[in-house]
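Student: Below is one structure. I have some questions about it.
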Amino acid sequence: MSTASDSIGVIGTGYVGLVTAAGFAELGSEVWCVDIDAEKIERLRRGEVPIYEPGLAELLARNSERLHFSTDLADALEHARLLFVAVGTPPTYSGDADLSAVHAVVGAIPASDEHALVMKSTVPCGTGASLQRVFAESGKDGLGYVSCPEFLKEGSAVKDFLHPDRVVVGDEGGWAGDAVAELYAPLKAPLVRTDVASAEMVKLASNAFLATKISFINEIANVCEETGADVVEVARGMGLDDRIGAKFLQAGIGFGGSCFPKDVDALKQLAGNSGYHFQLLTAVIEVNDLQKRRVIGKLQRHLGSLAGKRIALLGLAFKPNTDDMREASSLVLSARLQADGAVVSAYDPIAEEQARKLVSGITFAASPLQALADADAAVLVTEWSELVELDWVGVAEAMSGNLLIDGRNALDPAAVRAAGLIYEGIGRR
């Protein structure tokens, strides 16, 4: 068996697992990747990348000789002591995290005192303690356990892995925690060594705080619209205070993706299950839901009834530089617009394939101008650089109407207005 320092296993080859595997291969480790999806494994063996993430394909190709893909867990068990778990933990109908994939991994691992699970999947605080009880009850108490939450942002995940702002390692002593810390040492990031429960809470608390910051600035934007202030200027003034910081103070139509909505719900549910009502997070969720619907109100204020109106959605993914459609604002907007009788066209440079699986009744355009053709109004949903840098004179000529709603405050209002369009942002004067 290889030593922990030169070979690892990664169970699950989604966003987190694949980036983690590629990152450790870049650092020199032999990486044994396991997934139950045989088709995905075959694609990876052929050098195909099943997800869109800038820089990932190049990283995988450069380190292909150190990356091994299999559907058989035994391959990883044979070659590696540390088994990084990166399986999905989606929310259930109750709001709790679905840990069935995690428990499937635990059930598949044999008793051993030479292996350890390193939890990358986002799990509720207390999961590590629960799993260690399962180990003991099933005769697997020799297995090590480490909580090592991921902080990868889709669209910049490769950079985030190679240049992390911190590495969190939670364990209760033993060889495994030291081995994980050693693996990350070449990245020279601040290391937080702590207990398992605290490490689990760091991830949930971090994402919940960032989501709170977004909902807060969106509330400020809504007040700005009533008072004549400009939220961009307000955020600029706030962000210069180093106690606040400028990041995540961009007002818009709300957050989405695979992490923020799920993790905010999970922390709220965790608190509720413990007998505590997390009132702040209840408001964060409500603000985020309502923010998307305010766009509909803006359209109605300018156009009146939306029945029969042609609305173009520019961007579909929940953020730029990813094809992820999970909890994307476009899902709510397209459904709400169609419910009001609007005819919806949309363009996204990357996420169309994923969007087609989730959105029906709209026209998918091959280019921004095709989506904008004869549109009464357009909404910038995702601030792809291609969309931010559009020729607004050409846009005005393509549209039959002249209303442009900047759902991300990413455009130059003066340039849009100079083209003869009506510009309306979020909390802008």
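Every read-out reported here was derived from the displayed coordinates using simple, explicitly stated rules and does not represent laboratory data. This one's a predicted model, so the numbers in the text were calculated from it and none came from an experiment. So basically every Cβ, Gly included, is an ideal-geometry build from the backbone, and we count neighbours across all protein chains shown.
Student: With both partners inside the chain, how many of the DSSP beta bridges are antiparallel, as a percent to the nearest 5?
Tutor: Expressed as a percentage, antiparallel bridges in the chain total about 5.
Student: On to the next question. What number, in percent, do you get for the relative contact order of the chain if the mean sequence gap of Cα pairs under 8 Å and at least 6 apart is divided by its residue count?
Tutor: Here the relative contact order equals 12 percent.
Student: ALA57 versus SER400, label points 7 Å from Cα toward the beta carbon: distance in nm?
Tutor: 3.8 nm
Student: Roughly what % antiparallel, to the nearest 5, for the DSSP beta bridges in region 13-118?
Tutor: If I count the DSSP bridges inside region 13-118, around 10 percent turn out antiparallel.
Student: Provide the per-residue ³J(HN,Hα) series for region 416-428, in order, calculated from phi with Karplus coefficients 6.51, -1.76, 1.60 and θ = phi - 60°, each as a whole number of Hz, with x at glycine and proline positions.
Tutor: 5, 5, 5, 7, x, 9, 7, 9, 9, x, 10, x, 9
Student: Next question, about the same structure. Helix 329-339 versus the longest principal axis of the chain: what angle, 0 to 90°, nearest 10, using Cα atoms?
Tutor: Helix 329-339 sits at roughly 50 degrees to that axis.
Student: Additional query: Need one number: the % of Cα-Cα pairs in region 146-295 sitting beyond the 23 Å mark.
Tutor: 48 percent
Student: Given charges of +1 on the Cβ of Lys and Arg and -1 on the Cβ of Asp and Glu, with all other atoms neutral, how large is the dipole of region 7-194 about its Cα centre, in debye to the nearest 20?
Tutor: 360 debye
Student: For region 335-354 and region 183-200, compute the distance between their C-alpha centroids and round to whole Å.
Tutor: Each part's Cα centre sits 42 Å from the other's.
Student: Which net charge results when you count Lys and Arg as +1 and Asp and Glu as -1 among the other residues whose beta-carbon is under 15 Å from that of PRO149?
Tutor: -1
Student: What are the residues whose amide H is under 5 Å from the amide H of MET119, where those residues sit 5 or more places off or on another chain and H is modelled from the backbone?
Tutor: Distant-sequence amide H within range of MET119: VAL85, VAL146, SER147, CYS148.
Student: For ARG356, project a label point 7 Å along Cα to C-beta. Then give me every residue of region 8-45 with its amide nitrogen under 19 Å of that point.
Tutor: 40
Student: At a Förster radius of 30 Å, what calculated FRET efficiency corresponds to the Cβ-Cβ distance of ALA38 and ALA197, to the nearest 0.05?
Tutor: The formula returns an efficiency of 0.25 here.
Student: Test of understanding: given the chain, find the longest segment containing no chymotrypsin sites (Phe, Trp or Tyr not before Pro) that are in a DSSP loop and have at most 12 other Cβ atoms within 10 Å.
Tutor: Answer - 94-275.
Student: Once the dipole of the chain is set up with Lys and Arg at +1 and Asp and Glu at -1 on Cβ about the Cα centre, which of MET325, HIS103, SER305 lies farthest towards its positive end?
Tutor: Checked the options; the winner is SER305.
Student: Provide the FRET efficiency to the nearest 0.05 for the ALA108-LEU240 pair, computing r from the beta carbons and using R0 = 56 Å.
Tutor: For R0 = 56 Å, the calculated efficiency reads 0.60.
Student: On to the next question. Past the 32 Å Cα-Cα mark, which pairs from LYS40/LYS159; LYS140/LYS357; LYS188/LYS292?
Tutor: Those over the limit are LYS140/LYS357; LYS188/LYS292.
Student: Given (1) 21.2, 67; (2) 23.3, 72; (3) 32.4, 115 as candidate values of Rg and Dmax of the Cα atoms in Å, which corresponds to the one derived from the coordinates?
Tutor: (2)
Student: Turning to a different aspect of this structure: Calculate the translational D of region 7-194 in whole µm² s⁻¹ from Stokes-Einstein, where the hydrodynamic radius comes from the Kirkwood formula applied to all Cα pairs, the temperature is 4 °C and the viscosity 1.567 mPa s.
Tutor: My calculation gives 78 µm²/s for D.
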